[in-house]
Amino acid sequence: MTSRHDGSAHSGTVDLRLLAAAVAGWLAVLWALGRDTRTVVVVAVGAVVLAAVLFASRRHVRGLAPAMWLLVVALLLIPLAARQAHAHASPLWQLATERAQVHLELVTSSDPTPLATRGPDGRPRIVLDAAARSVTEGASTRDLDGSLVVLADAAGWQDVLPGQRVIVDGQLAPPLDDGELAVALFAESAPTPVGGPPWYQRAAGVVRASLRAACAGLPTQVRGLLPGLIDGDTTQLDPVLKEHFRLAGLTHLVAVSGTNLSLLLGAVLLLLRRLRARPWICALVGVLVVVAFVLVARPSPSVLRAAAMGLVTLAGLASGRPRAALPAVGFAVIALLLYDPFLAVDAGFAMSVLATAALLLLAPRWAAALRGRHVPMGLAEATAVAAAAHMVTAPIAAAISGTVSLSAIPANILAEPLVAPATLLGFVAALVAPFSLTLGSVLAWLASWPCRWLVLVADHLGTVHGGNLPWPGGMAGGLLLVGVILAVLVAARHTAMRTGLVAVAVVALVVQVPIRNVAAAWPPTAGNGSNGWVMTVCDVDQGDGIVLNAGGGAAVVIDTGPDPVRMDRCLRDLGIRQIPLLAISHFHLDHVGGVTGALRGRPVGRVITGPLADPESGVQILQAALPVGTSVTTPVPGQRFTVGTVALEVLGPTTELHNTRSDPNNDSLVLRATVDGVRILLPGDAEIEEQQSLLDAGVDLRADVLKVPHHGSAYSLPEFLSAVHAKVALVSCGVNNDYGHPAPSLLETMNRLGVPLRRTDKDGDIAVRGPPEKLTVVVRGKAASAVTG
């Protein structure tokens with residue numbers, strides 16, 4: 001678009017100059033991260049010199065946009081080079097290089113964030129950002145500074161707020177990612193507070209805690225979702241629901257962003273205008289709202305981007321000269337990259353900026369075009385907004401996940417109308433709850449109703465087979481999708497091509513998705529039309545998750561793997577609606593960590609476990625997941641259970657074993673199931689000691705199907721494996737797992753015994769069909785079982 005030489009844009013034109021300069025600076029920072037400091041300085045100085053040349057010869061150069069780009073590049077690169085030089089010269093960097101054991105005093109700069117993966121002992125882990133203040137080595141203490149990424153067991157960190165000064169012991173290590181300037185600290189002790197956090201962080205912490213308390217009486221899914229919508233607190237968000245939000249293209253709703261701030265700021269400004277407040281008063285109150293919002297919601301990339309844009313807009317309001325929104329986006333990008341250059345590689349930041357630009361540039365034109373084709377105004381606006389935001393962010397999502405969502409646009413159209421009431425009611429609940437928890441709870445209850453609709457949308461559209469198409473991942477996949485989108489946009493400018501594109505879209509949404517749903521029916525039914533399958537080994541990565549078909553949508557579940565999302569996905573795809581019997585062979589995380597996913601929306605009857613309550617963290621995971629009053633017992637050898645078509649017999653442990661290589665493994669429940677006549681041996685993670693004890697006791701181990709002990713480790717006796725006389729063996733293990741499972745010696749033994757073997761790391765979900773005399777194994781394929789949709 002053209003612009004006046006005096007710097008003001010023509011009326012009705014779009015001013016892209018500052019946004020273009022911001023993009024140039026962004027690309028420069030992307031290039032500079034991880035580069036040698038001296039090289040960055042040389043390029044920054046060169047940019048200044050070249051900009052000066054362009055300014056000096058401005059009469060011979062049409063427009064000064066390139067000079068502006070170069071100045072923004074220098075503006076961003078020079079502080080980045082200074083940061084790099086300072087970080088590398090810091091004593092903290094040297095200590096990290098030496099992987100020193102330290103006694104550190106630090107100041108936290110973020111909330112502790114739970115990690116998806118737990119520690120080796122099953123304990124939950126957290127990560128947070130901090131700044132070092134001093135280090136004690138021996139009897140001497142010295143001051144130092146530098147940025148830290150702290151990884152620690154969650155115990156003791158739950159109540160630590162940003163701005164809190166603490167002392168902690170641990171081991172330093174170099175940055176976890178190339179180019180990062182924050183060194184890693186692997187904490188080995190709980191934090192010892194030194195004083196309290198700043199008053200404003202305490203106040204923000206009270207608001208967040210009060211909102212959680214106000215939501216305590218809500219249904220489980222809503223209880224975790226509402227704080228995520230309001231202040232980004234997803235600590236209680238069901239991981240399965242979080243995955244459904246991702247698959248439905250609704251992740252932005254629980255990553256607090258400009259939408260949240262716009263709703264809050266708009267409501268406050270509307271109220272002030274009704275009260276006839278002057279512009280400067282509106283701007284001042286708006287600034288206070290923005291600052292409070294950032295403190296409560298925490299300065300995530302999308303929150304910072306929204307706050308920077310909001311402050312620019314408020315400055316225009318106060319001066320009586322409101323600026324265009326696109327220059328505000330450009331200013332926000334430049335300011336935030338100055339504040340934190342590493343936002344340049346943050347996918348959330350990129351998606352937030354791109355979505356904002358698309359809503360300003362594309363959505364209004366698309367909405368007008370739809371209205372011109374007699375689409376109702378509300379539907380036209382919602383469709384245009386959802387389509388524009390999805391189109392520009394899809395390449396980044398595809399690069400990260402290796403999928404392209406077809407359900408994102410309809411999901412956002414269905415969800416967006418209820419986001420505003422949920423957000424505004426939730427904000428009021430958060431503000432009221434610190435003073436009156438009762439009233440705050442009432443407001444949270446009102447806000448829960450639109451949240452229930454959001455849960456319903458995510459649970460349905462996030463689990464539709466065909467709603468997410470496989471796509472090449474990484475940068476190549478992202479660029480490929482950009483090319484496809486550009487080609488579609490160019491083609492859509494021609495009427496004939498546009499008709500064809502509409503036809504393709506209709507086929508994709510109306511035909512392809514239902515066909516994928518039919519084709520994805522899993523597992524295949526038997527030829528006689530019955531359920532067919534008797535057992536499925538779920539692809540739960542490195543762990544065990546086994547389902548025995550009890551008929552009528554019921555199943556006996558043996559272990560639940562490490563991941564609730566994967567376990568829920570497997571049971572949902574099998575059509576399992578209830579679990580009359582749940583068996584946990586032992587309490588290692590890879591057998592009990594996914595229990596919340598197994599029990600999500602599925603009533604559980606009886607629960608049986610191995611005799612050894614170790615590790616304690618696994619016991620706590622199970623106890624926290626079970627409904628109150630659930631019967632939990634430890635069966636004895638010879639005890640039998642019958643559930644529908646499943647007959648379960650307890651074979652071991654014949655005696656509790658101690659002082660073995662792994663007592664929890666060697667005290668695993670060993671079960672034999674009979675389903676429609678097919679016998680299945682399920683030895684958990686029993687190793688050599690327990691296997692020998694079963695052989696010594698003369699236990700009958702014969703079965704048609706063997707679930708290989710301990711994910712195919714080397715700790716199995718050939719005599720034990722031979723005694724089963726299995727027709728097929730199944731190994732449940734993760735792709736490229738750190739343990740080398742299945743072990744070459746195990747594979748060699750099974751090959752020598754002539755037993756065909758299937759494994760989840762290569763085959764995905766594995767289903768066994770009867771009858772015993774015509775036993776068949778059907779695999780789903782790794783790609784199909786890894787991601788719903």
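The values are calculated or read from the model by the stated rules, or taken from the named source; none is laboratory data. Since this is a predicted model, take the numbers as computed values, not measurements. Every residue, glycine as well, gets a Cβ built from its backbone with ideal geometry; the counts of neighbours run over all protein chains shown. Keep in mind that these areas ignore ligands, DNA and RNA; they rest on the heavy atoms of the full protein, side chains included. Shrake-Rupley method; radii C 1.70, N 1.55, O 1.52, S 1.80 Å.
Considering only region 78-111, state which residues are in a strand (DSSP E or B) and not hydroxyl-bearing (Ser, Thr, Tyr). Steps first, answer last, please.
Let us first name the residues in region 78-111 that are in a strand (DSSP E or B), namely 101-108.
Result: GLN101, VAL102, HIS103, LEU104, GLU105, LEU106, VAL107.
Scan region 146-189 for residues that are among the aromatic types (Phe, Trp, Tyr) and open to solvent by less than 10 Å² (accessible area, probe 1.4 Å) and report the count.
Here the count works out to 1.
Does PHE293 count as assigned to a helix (DSSP H, G or I) and touching a Ser or Thr at 6+ places or on another chain (Cβ under 7 Å)?
Numbers: assigned to a helix (DSSP H, G or I): yes; touching a Ser or Thr at 6+ places or on another chain (Cβ under 7 Å): no.
When the stated conditions are applied, PHE293 does not pass them.
With (1) small (Gly, Ala, Ser); (2) open to solvent by 30 Å² or more (accessible area, probe 1.4 Å); (3) modelled with pLDDT of 95 or more; (4) within 26 Å of THR463 (Cβ to Cβ) as the list, and ALA783 as the residue in question, which single condition is left unmet?
Evaluating ALA783 over (1) small (Gly, Ala, Ser); (2) open to solvent by 30 Å² or more (accessible area, probe 1.4 Å); (3) modelled with pLDDT of 95 or more; (4) within 26 Å of THR463 (Cβ to Cβ) leaves (3) as the failure.
Quick test for you: out of LEU757, LEU753, pick the one residue that is within 37 Å of the chain's Cα centre (by Cα) and of a type in the set (A, V, I, L, M, F, W, C). Let's see the steps before the verdict.
Values: LEU753 fails: within 37 Å of the chain's Cα centre (by Cα).
That would be LEU757, the only listed residue that is within 37 Å of the chain's Cα centre (by Cα) and of a type in the set (A, V, I, L, M, F, W, C).
Which condition from (1) of a type in the set (Gly, Ala, Ser); (2) at pLDDT 85 or above; (3) open to solvent by less than 70 Å² (accessible area, probe 1.4 Å) is the one that ALA89 breaks?
(3)
Of the conditions (1) of a type in the set (A, V, I, L, M); (2) touching a residue at least 40 places away in the same chain (Cβ under 8 Å); (3) open to solvent by 20 Å² or more (accessible area, probe 1.4 Å), LEU717 satisfies every one except a single condition; which number is it?
With respect to (1) of a type in the set (A, V, I, L, M); (2) touching a residue at least 40 places away in the same chain (Cβ under 8 Å); (3) open to solvent by 20 Å² or more (accessible area, probe 1.4 Å), LEU717 is out only on (2).
Residues in region 614-658 that are within 22 Å of ALA554 (Cβ to Cβ), buried (at least 16 other Cβ atoms within 10 Å of the Cβ) and among the polar types (S, T, N, Q): how many?
Count: 2.
Of the residues that make up region 565-586, is at least one surrounded by fewer than 17 Cβ atoms within 10 Å (Cβ to Cβ) and at pLDDT 95 or above? So that I can check it myself, show each step before the final result.
Taking region 565-586 and keeping what is surrounded by fewer than 17 Cβ atoms within 10 Å (Cβ to Cβ), we get 575, 577-578.
Now drop any that are not at pLDDT 95 or above, which leaves 577-578.
Yes: region 565-586 contains one or more residues that are surrounded by fewer than 17 Cβ atoms within 10 Å (Cβ to Cβ) and at pLDDT 95 or above.
Kindly list, by first and then second residue, each pair from a residue in region 252-280 that is farther than 18 Å from ALA297 by Cβ to a residue that is open to solvent by less than 40 Å² (accessible area, probe 1.4 Å), limited to pairs with Cβ atoms under 8 Å and residues at least 6 apart or on different chains.
Final answer for the pair search is LEU269/CYS282; LEU269/GLY286; LEU272/CYS282; ARG273/CYS282.
Any idea how many residues of region 438-471 are closer than 14 Å to LEU247 by Cβ, open to solvent by 70 Å² or more (accessible area, probe 1.4 Å) and assigned to a helix (DSSP H, G or I)?
1
Would region 58-77 turn up any residue that is open to solvent by less than 80 Å² (accessible area, probe 1.4 Å), assigned to a helix (DSSP H, G or I), within 23 Å of LEU337 (Cα to Cα) and modelled with pLDDT under 85?
For region 58-77, residues open to solvent by less than 80 Å² (accessible area, probe 1.4 Å), assigned to a helix (DSSP H, G or I), within 23 Å of LEU337 (Cα to Cα) and modelled with pLDDT under 85: present.
Filtering region 265-292 down to residues that are modelled with pLDDT of 85 or more and closer than 16 Å to LEU425 by Cβ, which residue is most open to solvent (accessible area, probe 1.4 Å)?
LEU271
Going by what's in this entry, would THR251 be described as in contact with a Leu (Cβ under 9 Å, 6 or more places away or on another chain), within 28 Å of TRP449 (Cβ to Cβ) and at pLDDT below 90?
Values: in contact with a Leu (Cβ under 9 Å, 6 or more places away or on another chain): no; within 28 Å of TRP449 (Cβ to Cβ): yes; at pLDDT below 90: yes.
So THR251 does not fit the description; no.
In region 431-465, how many are small (Gly, Ala, Ser) and either closer than 27 Å to MET377 by Cα or modelled with pLDDT under 95 (or both)?
Residues of region 431-465 small (Gly, Ala, Ser): 433, 436, 440-441, 444, 447-448, 458, 462.
Filter again for either closer than 27 Å to MET377 by Cα or modelled with pLDDT under 95 (or both), leaving 447, 458, 462.
Residues meeting the conditions: 3.
State which residue is farthest from ASP539 (Cα to Cα) when the search covers only region 694-709 and only residues that are free of Cβ contacts under 8 Å to residues at least 60 places away in the same chain and open to solvent by less than 20 Å² (accessible area, probe 1.4 Å).
Filtering first and then ranking leaves LEU694.
Residue under question is VAL385, and the condition is that it be closer than 20 Å to VAL353 by Cα, among the β-branched types (Val, Ile, Thr) and over 22 Å from the mean Cα position of the chain (by Cα); does it hold?
Details: closer than 20 Å to VAL353 by Cα: yes; among the β-branched types (Val, Ile, Thr): yes; over 22 Å from the mean Cα position of the chain (by Cα): yes.
Yes.
What are the residues in region 121-145 that are open to solvent by 60 Å² or more (accessible area, probe 1.4 Å) and of a type outside the set (Asp, Glu), if any?
Those that are open to solvent by 60 Å² or more (accessible area, probe 1.4 Å) and of a type outside the set (Asp, Glu): ARG123, PRO124, ARG133, GLY138, ALA139, SER140, THR141, ARG142.
Looking at (1) at pLDDT 95 or above; (2) open to solvent by 30 Å² or more (accessible area, probe 1.4 Å); (3) of a type in the set (D, E, K, R); (4) in contact with a Phe, Trp or Tyr (Cβ under 7 Å, 6 or more places away or on another chain), can you tell me which one GLU687 breaks?
The number of the failed condition is (2).
Take region 106-120 and flag every residue that is more than 26 Å from ALA297 (Cβ to Cβ) and open to solvent by less than 40 Å² (accessible area, probe 1.4 Å). It would help to see each step written out before you state the result.
Our first condition is that a residue be more than 26 Å from ALA297 (Cβ to Cβ); within region 106-120, this holds for 118-120.
If the condition is that a residue be more than 26 Å from ALA297 (Cβ to Cβ) and open to solvent by less than 40 Å² (accessible area, probe 1.4 Å), then GLY119 is the only one that fits.
Of the numbered conditions (1) within 17 Å of ASP111 (Cα to Cα); (2) at pLDDT 90 or above; (3) open to solvent by 20 Å² or more (accessible area, probe 1.4 Å); (4) among the aliphatic types (A, V, I, L, M), LEU295 satisfies every one except a single condition; which is it?
Evaluating LEU295 over (1) within 17 Å of ASP111 (Cα to Cα); (2) at pLDDT 90 or above; (3) open to solvent by 20 Å² or more (accessible area, probe 1.4 Å); (4) among the aliphatic types (A, V, I, L, M) leaves (2) as the failure.
Can GLY638 be described as among the small types (Gly, Ala, Ser), over 20 Å from SER722 (Cβ atoms) and either part of a loop (DSSP other than H, G, I, E, B) or touching a strand residue (DSSP E or B) at 6+ places or on another chain (Cβ under 8 Å) (or both)? Steps first, answer last, please.
Values: among the small types (Gly, Ala, Ser): yes; over 20 Å from SER722 (Cβ atoms): yes; either part of a loop (DSSP other than H, G, I, E, B) or touching a strand residue (DSSP E or B) at 6+ places or on another chain (Cβ under 8 Å) (or both): yes.
Yes; evaluated as a whole, the condition is true for this residue.
Tell me which helices (runs of 4 or more DSSP H) are completely within region 330-427 and hold 3 or more residues being of a type outside the set (A, V, I, L, M) and either over 30 Å from LEU446 (Cβ atoms) or touching a strand residue (DSSP E or B) at 6+ places or on another chain (Cβ under 8 Å) (or both), or say none if there are none. Spell out how you get there, then give the answer.
Numbers: elements: 347-361, 363-372, 377-401.
Passing ranges, in order: 363-372, 377-401.
What about GLY553, is it more than 20 Å from ALA647 (Cα to Cα) and at pLDDT below 95? Write out each step before concluding.
Numbers: more than 20 Å from ALA647 (Cα to Cα): no; at pLDDT below 95: yes.
Judged against the criteria, GLY553 is not a match.
Is it fair to say VAL592 is open to solvent by 20 Å² or more (accessible area, probe 1.4 Å) and not hydroxyl-bearing (Ser, Thr, Tyr)? Break it down into steps so the answer makes sense when it comes.
Numbers: open to solvent by 20 Å² or more (accessible area, probe 1.4 Å): no; not hydroxyl-bearing (Ser, Thr, Tyr): yes.
It is false that VAL592 is open to solvent by 20 Å² or more (accessible area, probe 1.4 Å) and not hydroxyl-bearing (Ser, Thr, Tyr).
Scan region 686-712 for residues that are among the acidic types (Asp, Glu) and under 24 Å from GLY770 (Cα atoms) and jot them down. Write out each step before concluding.
Here is the first cut: in region 686-712, the ones among the acidic types (Asp, Glu) are 687, 689-690, 696, 700, 704.
Matches in region 686-712: ASP700, ASP704.
Can you tell me which of (1) over 30 Å from ASP568 (Cα atoms); (2) of a type outside the set (Val, Ile, Thr); (3) open to solvent by less than 60 Å² (accessible area, probe 1.4 Å); (4) outside any helix (DSSP H, G or I) is the one PHE435 doesn't meet?
(3)
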